[in-house]
Structure formats: C-alpha cells, structure tokens
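See structure below.
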Amino acid sequence: MRDAASPASPSGKTEPEEVDPLAALGVLQRQKQTHLFHIIDQDGAGQIAWQDFERYVMQAAALTGQAIDDPSCQRALSALRTWWEGLCTVRALRAKELGTNAPPPPRQVNLDVWVFYWGLVQMMIVEEAATGGRESLQRSEESVHIHCQLFDLEQDQRLSRQDYTAWVAAWGMVMDAADNFRRLDLDGDG
C-alpha cells in the first residue's frame, strides 16, 4: 500500500514527496528569520548586501576596540562570507526556479530568499539528524561561537552585559539592551 503523501506516477512508481523549504520553518522560526533580516537591512530597503555584513563587523570592531584585521574580526567575516555565498547561490536558483526574467539587483538578497535559505538549512539539519549526521548544525554552532568570540571582551567564553550591549549596538538595534540581557540571563549570574 502506498503512502497517501507520495502519489503514484503514471508509471505506477511512487514519487518522492517534494518538501517546501518555506514550510520547513515553523511559524516562530519564520518570524525570527524575518526579524533578523530586518535587523541586517538597516537602511530598510528590503534588500541586504554583503556590505551590511561588513558594516556589522566594522561596528563590532569599533565598539570592542579591535582592529578589523584582528583574528576574531576576520573569523567573523569569513563565517559571514560563507553564509553570504550560500544566500547568493539560493538567490540565483530561486530566480531560475520562479522564472524571473528581470535579473535581481546585483548581489542583493530579499526577504523571500533569506527565509527560503534558512528553510533549506533547517531541512538539511533535520535530514542529517535522521541519518546520524551533524554537519550543518555543527557549522551553525561554529558560526555562533565565532560571533560570540567577537564580543567576548574578557575572553572567558561568556558574554557579559557589556559584551551583549556591544553586540546589540553593532547590529544597530534600538532596544533596552540591559533589560533584554536581564531576561536572557536566566540564572542571574551576569
């Protein structure tokens, strides 16, 4: 008996179900990725470009008193460059898939491509977990670790309220960083 989700083809063989990367993200994950896109899109143009990521690292360096050629800044740029190249690849594939005749703005990514990309990442993480792999999840964890190191002024593997405030400022977020940090610091150890 065939699975109802996998229709039979005219040849009688079962076709694998195609999974939509946009559907792979839950509602909360989609909201979080939309919010993050708008944080990166500081000028509100509806597009992000490599310069948005560079600006983040340059602001981080300025706020933490580091030179842009400091190893932690260079590791952050490298991790962001990997994300950026993946986004550009997905943008090109998405434009081809949608049959878009007009070329997208040069080396810019819109919200649709951003969310689609993170849906693909989520699908890879789930698929790898089902087969005992962790490559995509490990790459994501390493990237988060690299960015935490960028702001870890005390180099103690922890982000203090001062470190967190610099991180928020580097992204250009306008919020009460101290209050937000207090809510994130569940054990209250600072």
Among the numbered criteria (1) open to solvent by 40 Å² or more (accessible area, probe 1.4 Å); (2) over 21 Å from VAL57 (Cβ atoms), which single criterion is violated by VAL90?
-> (1)
Boolean, ASP152 is exposed (fewer than 13 other Cβ atoms within 10 Å of the Cβ) and at pLDDT 85 or above | no
Looking only at the stretch 155-184, count how many residues are assigned to a loop (DSSP other than H, G, I, E, B), surrounded by fewer than 17 Cβ atoms within 10 Å (Cβ to Cβ) and without any contact (Cβ under 8 Å) to a residue 24 or more places away in the chain.
-> 7
From the list ASP41, ASP69, which one is touching a strand residue (DSSP E or B) at 6+ places or on another chain (Cβ under 9 Å) and at negative phi?
-> ASP41
Within the stretch 125-139, how many residues are in a helix (DSSP H, G or I) and either over 18 Å from the mean Cα position of the chain (by Cα) or buried (at least 18 other Cβ atoms within 10 Å of the Cβ) (or both)?
-> 6
Look at VAL90 and say whether it is in contact with a Gly (Cβ under 9 Å, 6 or more places away or on another chain) and of a type in the set (Val, Ile, Thr).
-> no
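The values are calculated or read from the model by the stated rules, or taken from the named source; none is laboratory data. In this text the structure is predicted, and so the values were computed from the model without any measurement. So basically every Cβ, Gly included, is an ideal-geometry build from the backbone, and we count neighbours across all protein chains shown. Only protein heavy atoms, including side chains, enter the accessible area calculation; ligands, DNA and RNA are left aside. Shrake-Rupley method; radii C 1.70, N 1.55, O 1.52, S 1.80 Å.
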